[in-house]
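These notes are about the structure you will find just below.
We did not get these values from a lab; they are worked out from the coordinates using the rules stated. The structure presented is a predicted model; accordingly, all values stated were derived computationally and were not measured. Using ideal geometry, Cβ is built from the backbone for each residue, glycine included, and neighbour counts are taken over all protein chains shown.
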């Protein structure tokens, strides 16, 4: 139990929900209690990413007409399944708090005090503070983060995160960078703002049970390399250079064959010469196309890439600070 006076700043908590019927009540009980004990006023924004198991109904059942200390609670219903990143973009755009928490899933493998701890650390001079487990990370994830951090050139490095908090200045900076944020970690790391991470050891029965959609993770990894590192462009350039070297080798072989043989095979020199020039031209064009695609991808950040079917208010706002968590 927190014995200090609750913070007066208005807090938004954006929560991702997708087929979490069995977990949502437990998480809402946890987060309403934690927020009510540490902050005078807060709002909950629950982003329902096209759940098919009745998860939103469990939210309504949990709250009823009692917001348990929240000024308001909104359920953002996505028009179809968007995945984590686009859904959290929608929730963040709706948030009006001075500071915004982002909870990417409903697994609680950390102590309640960690939620307040990252806020306390943020107000010492940071704009983005995350909480991440120092437990065992999958080899594929470790490899992704290592390659991404090497290729991105950003001073801030990214890694596994469970939840985070952002200042209003960080959100405004992100919106200036682009409305469509395909990978929040990468944009936040490249925002130029001061960031930090607090590591914790997973605890409880749910420790290590965090689940993701594998296809979403693979798509996100590929998109992130394209958007933020220029790695694909570099790979294309390397391949073009390799084929250019092969083309030059073929030209040298043609010259040797032309001057070294008295009776070259009919049509061989012209065919090989044409194929060599063709391959060189194709890969040079691919490199140029990659440059143009890179510019078009940057422009695409200015577009909004999600569809919300509706926003449902759970209950009317109560007097700030009047209700307490139950």
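Projecting label points 7 angstrom from Cα along Cα→Cβ for residue 114 and residue 234 puts them 3.2 nm apart. In whole angstrom, the stretch 57-140 maps to an equivalent ellipsoid with semi-axes of 24, 19, 16, each derived as √(5λ) from the alpha carbon gyration tensor and ordered largest first.
Peptides 77-90, 42-55, 189-202, 242-255 ranked from most to least packed by the mean count of surrounding Cβ atoms within 10 Å: 42-55, 77-90, 189-202, 242-255. Modelled label positions at residue 142 and residue 313, each set 7 Å beyond Cα in the direction of Cβ, lie 5.0 nm from each other.
Residues 188, 112, ranked from the fewest to the most other C-beta atoms within 10 Å, line up as 112, 188.
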